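Each value in this text was obtained by applying a stated rule to the coordinates, not by laboratory testing. On a predicted model such as this, the values are computed, not experimentally measured, just so you know.
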Amino acid sequence: MKIKTIDATTKKPTKNQRIQLQVKGKDSGYLTLTSDMEGCITLDDKYKGQQIAIATTGGQPTFVAATDGATLTFTSQGGYAGGHGGQGGKEKKKETWK
């Protein structure tokens, strides 16, 4: 199954990017995959219906169902991941100027 990956900063597909996924379900664990030229990763069908998220450094990952056409949002800082069905999830940061 193909899953889209979107860069949270640029809102463009993450092309040729190594991405570590966390899987929750009967095949729990971590996978490292590389996105293709369209920004998609190909996940084996045995993970279908299980929960996946981009592994984050600190913070809680946002899990989505592993389905064909799902979308994950990727940040290189590892602060946020998740989303599906074209919604992509969004994180808003406030800046305070003094």
Inset, instruction - Label region 1-77 by shape, choosing from rounded, prolate and oblate, from the square roots a ≥ b ≥ c of the eigenvalues of the Cα gyration tensor; if a/c is under 1.5 it is rounded, and otherwise prolate applies when a/b is larger than b/c, oblate when it is not. - result: oblate
Legend entry - Cα-Cα over 20 Å, subset of 2/46; 2/48; 15/46; 24/48: 15/46
